[in-house]
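S.K.: Before anything else, here's the structure in question.
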Amino acid sequence: MKITFQKTTLLFALFISFLAFSQTNRFIYEFKYKKDSLATTYDEGNMVLDITGKKVQFYDFNAIKTDSTNRNSAGYTTYSFPFAKLQRNISSGDNINYNLVAESYFAYNSSDKFNWIISKDTKTKNKWKLQKATTQFGGRTWEAWFTTDLPFSEGPYKFNGLPGLIVELKDSKNNFIFDLVKVENPQDANPKLVETVFKSKPIIITFEKYNILLINYYNDPFSRFRSMKPGTWSIGRADETFIEDLEGLNKITKEEQEEIRKNNNPIELDKAIKYSKK
């Protein structure tokens, strides 16, 4: 009788483990961030951490809408966010970073490791027992609160390696704040969303090449229009006016460059590009 009970318990545990790793576990974080480190207000959005089997994806919530649009039409949708979409194996520090530059989609690899200091400090949130941990990453000091009640050694962005899921995360200057607000198990999750969200395969490059692309874009963000014949192009603006000549193009180029310099506050501060003033 005792042997039968042990076998039954083991089979049940294996079945539960199979369910956990065959479905998508989705964690949605409220995300507040400052594009400009001197800003007194935050931009806000929702970020998604998907864990499907041994695969992890991290992306902003708008990508789900974009993926749905692309599945059902030939339309092309674009959006922006302060850092790349990510894909990695669970509990791995080897990330694939996906991002748009101008109208092209690129991917590059990065190796991101964390040395956590786990504190004895604890608190409770939504019936989860949280424990505090700190680390240095990307030129910033980070404070995380994780829970072993959610047994995934993962968290928002590239952060992972703790004994449980990261529920809260922020840097010491409160430029970036993540807060877990929803847990769900969607049946229609796309396990390759970050790869396919723009329908075409990303161009594989190095991080160094990615930085060159960003600098080239900064130097001439509307370069593709300069080679076009006058009268064959126009650029719509938020005030519903249109740019249709080189004089106007030069004006909005300076405006775009100023905006890039002003909002140069990446989550990995030590990788910030020093853009020269034109």
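S.K.: Please state the charge dipole magnitude for segment 19-196, taken about the Cα centre, from unit charges on C-beta atoms (+1 on K and R, -1 on D and E), reported in debye and rounded to the nearest 20. Numbers along the way, then the final one.
M.R.: Details: 23 positive and 20 negative charges, 85 e Å.
Charge dipole, segment 19-196, about its Cα centre: 400 debye, nearest 20.
S.K.: Sticking with this structure for a sec: How much net charge surrounds GLU44 when only other residues with a Cβ under 10 Å from its Cβ are counted (Lys, Arg +1; Asp, Glu -1)?
M.R.: Numbers: positive: LYS32; negative: GLU30, ASP43.
Residues near GLU44 contribute -1 overall.
S.K.: Please list, in chain and number order, the residues 5+ apart from ASP149 or on another chain whose amide H is under 5 Å from its amide H, with Hs placed from the backbone.
M.R.: Counting only residues 5 or more places away or on other chains, the set is LYS129.
S.K.: Which order do the peptides 135-143, 24-32 come out in when sorted by mean C-beta neighbours inside 10 angstrom, highest first? Before the final figure, lay out the partial values.
M.R.: On the way: 135-143: 16.3, 24-32: 19.7.
Sorting 135-143, 24-32 by mean packing, highest first, produces 24-32, 135-143.
S.K.: Right, another one. Compute, for segment 136-215, the length of the dipole vector about the Cα centre, with Cβ point charges of +1 (Lys, Arg) and -1 (Asp, Glu) only. Units Debye, rounded to 20.
M.R.: Working: 9 positive and 10 negative charges, 86 e Å.
Roughly 420 debye, rounded to the nearest 20.
S.K.: Just tell me which lysines come within less than 19 Å, Cα to Cα, of LYS113; anything on the same chain fewer than 8 places away is out.
M.R.: Here the lysines satisfying the reach criterion relative to LYS113 are LYS54, LYS55, LYS85, LYS132, LYS158, LYS170, LYS271.
S.K.: In nm, to one decimal, how far is the ALA102 label point from the LYS35 one, both placed 7 Å along Cα→Cβ?
M.R.: 2.1 nm
S.K.: How much length is gained on full extension from GLU256 to ASN46, taking 0.36 nm per residue of separation minus their Cα-Cα distance?
M.R.: This chain segment gains 73.0 nm when fully extended.
S.K.: Quick one: net charge around ASN160, please, counting Lys, Arg +1 and Asp, Glu -1 for every other residue with C-beta under 14 Å from its C-beta.
M.R.: +1
S.K.: Put +1 on the Cβ of every Lys and Arg and -1 on every Asp and Glu Cβ in segment 206-271; which of ASN216, GLN257, LEU246 then has its Cα farthest towards the positive end of the dipole?
M.R.: ASN216
S.K.: Of the listed peptides 225-232, 159-166, what is their order by residue-averaged count of other C-beta atoms within 10 Å, with the highest listed first? Mind showing how you got there, number by number?
M.R.: Values: 225-232: 9.4, 159-166: 21.8.
Highest to lowest by the protection proxy: 159-166, 225-232.
S.K.: Of LEU162, GLY138, ASN126, which is farthest along the charge dipole of segment 110-167 in the positive direction, counting Lys and Arg as +1 and Asp and Glu as -1 at C-beta?
M.R.: In segment 110-167, that residue is ASN126.
S.K.: May I pose another question? Ordered by residue, what ³J(HN,Hα) values in Hz, to whole numbers, does segment 145-152 give under the Karplus form 6.51 cos²θ - 1.76 cosθ + 1.60, where θ = phi - 60° and Gly and Pro are x?
M.R.: 10, 10, 9, 7, 5, 10, x, 10
Bear in mind that the values in this text are calculations on the coordinates, not laboratory data. Computed from a predicted model, the values in this text were never measured in an experiment. Cβ sites come from the backbone with ideal geometry, for glycine too, and all protein chains shown count toward neighbours.
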